[in-house]
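Worksheet for the structure shown next.
The values are calculated or read from the model by the stated rules, or taken from the named source; none is laboratory data. Just so it is clear, the model here is predicted, and its values are computed rather than measured. Note that each Cβ is placed from the backbone with ideal geometry, even for glycine, and that neighbours are counted across all protein chains shown.
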2 protein chains.
Amino acid sequence: MTADTLSRTFAALADPTRRDIVARLSVGDATVNQLAEPYAMSLQAVYKHLRVLEEAGVVSRPPGPQPRSVRLETGPLNVMDEWIEQYRRRAEQRYQRLDRVLAELDDEEPEA
Amino acid sequence: MTADTLSRTFAALADPTRRDIVARLSVGDATVNQLAEPYAMSLQAVYKHLRVLEEAGVVSRPPGPQPRSVRLETGPLNVMDEWIEQYRRRAEQRYQRLDRVLAELDDEEPEA
DNA sequence: TTGTCTTTCAACCACATAGTTGAAAGGCTG
DNA sequence: CAGCCTTTCAACTATGTGGTTGAAAGACAA
C-alpha cells in the first residue's frame, strides 16, 4: 500500500479494460467468468485487473459461495468526482469572471 | 499517441505531483518556474509532467513571450466527470431500487 | 552579438504494469 | 473421497513511467 486512494482510483480507471469492467458492473453484479467472457486475455489477467480495482476500493467481492460476485462500489467514484469538480468549477468561475471583465472593457471602449 | 483521451486523462491525474499542479493552476495561470518552485525535483522533470498533462489536454501552453504561461483546461475534466457520473449514478440508482425492494419485503413480512 | 534564461532532446536507471504460462490451493457437489 | 471449477501464487517478458544528468536549441535583452 504505497499510493493514496485518489492515485489508486485514477490509476485503476486509466486502463480501458478496467473502465469497461466498471461500466458493465454499473448495470449489475457479475461473476469473474461473466466479466472475462468478452476478452481475449487469460482469466488470470482479469483477476489481476479486479485486484487493482479492489485495492482502489472501486469494486468489492463480498464473501459467499464459490463463484464470488463482483460489485461496483461508488465511494471512490464519489471522492474522485468531488476532486475533479472542485478544480473544474474553480477554473470555470475564473474564466467567467475574465469574460465579464473583457465584456466591460468592450462597453467602455467600443471599437477601440 | 496510443491511448485514448479518457485513458490519458485518468493516467495524467494518477500522479500526485500532477494533481497538485492542476490544483494550483485552478487558482490561476503560472509559469513553469513558479510551478516547479515547491518541488525538490529537477526542472526537466516538471516539464515532463507538464507534457503528460498537455497531451491529455488538461493543460495548455498558449504561444507568447518566452516564459510561456501554463493554463488549466476544463474540457478533459468535464469528459472525465461525465464518465464517472454516468456509472456512479447508474450503480446508486440500482442500490436504491434494491433498498426499496428490501423495505417492501420488510413491510410484508415483519419479524419473519 | 553575446549572454542568459527557457525549453526541449537524449540517454540512462529503477520500478511498476499488463500480459503470459504453469502450478498450487480452496471450495462445492456427485 | 474424487473431481471440477474458482481463485490465487510465482516466475517471466515487454513495455511504460518518473526521475536523473548533460547537452543542445530557441528566444529575448543588454
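Residues that are near DNA strand C (Cβ under 8 Å from one of its atoms), among the charged types (D, E, K, R), closer than 21 Å to residue A:93 by Cα and surrounded by 13 or more Cβ atoms within 10 Å (Cβ to Cβ) do occur in the range B:49-67. Restricting to the range A:59-87, and then to whatever is basic (Lys, Arg) and closer than 20 Å to residue B:87 by Cα, can you tell me which residue is farthest from the other protein chains (Cβ to nearest Cβ)? Among them, the one singled out is A:61. Is the range B:4-14 home to any residue that is away from every other protein chain (no Cβ under 13 Å), modelled with pLDDT of 95 or more, surrounded by 20 or more Cβ atoms within 10 Å (Cβ to Cβ) and within 10 Å of DNA strand D (Cβ to nearest atom)? No: the range B:4-14 contains no residue that is away from every other protein chain (no Cβ under 13 Å), modelled with pLDDT of 95 or more, surrounded by 20 or more Cβ atoms within 10 Å (Cβ to Cβ) and within 10 Å of DNA strand D (Cβ to nearest atom). The single condition among (1) away from DNA strand D (no atom under 16 Å from the Cβ); (2) over 26 Å from residue A:5 (Cβ atoms) that residue B:31 does not satisfy is (1).
Give me a count of the residues in the range B:15-36 that are facing chain A (nearest Cβ under 7 Å), hydrophobic (A, V, I, L, M, F, W, C) and either touching a residue at least 12 places away in the same chain (Cβ under 8 Å) or within 13 Å of residue A:10 (Cβ to Cβ) (or both). Within the range B:15-36, residues that are facing chain A (nearest Cβ under 7 Å), hydrophobic (A, V, I, L, M, F, W, C) and either touching a residue at least 12 places away in the same chain (Cβ under 8 Å) or within 13 Å of residue A:10 (Cβ to Cβ) (or both) number 1. Total residues in the range A:17-29 satisfying the condition of being of a type outside the set (A, V, I, L, M), part of a helix (DSSP H, G or I) and touching a strand residue (DSSP E or B) at 6+ places or on another chain (Cβ under 8 Å): the figure is 2.
All of (1) within 14 Å of DNA strand C (Cβ to nearest atom); (2) touching a helix residue (DSSP H, G or I) at 6+ places or on another chain (Cβ under 6 Å); (3) not in a loop (DSSP other than H, G, I, E, B) hold for residue B:14 with one exception: (3).
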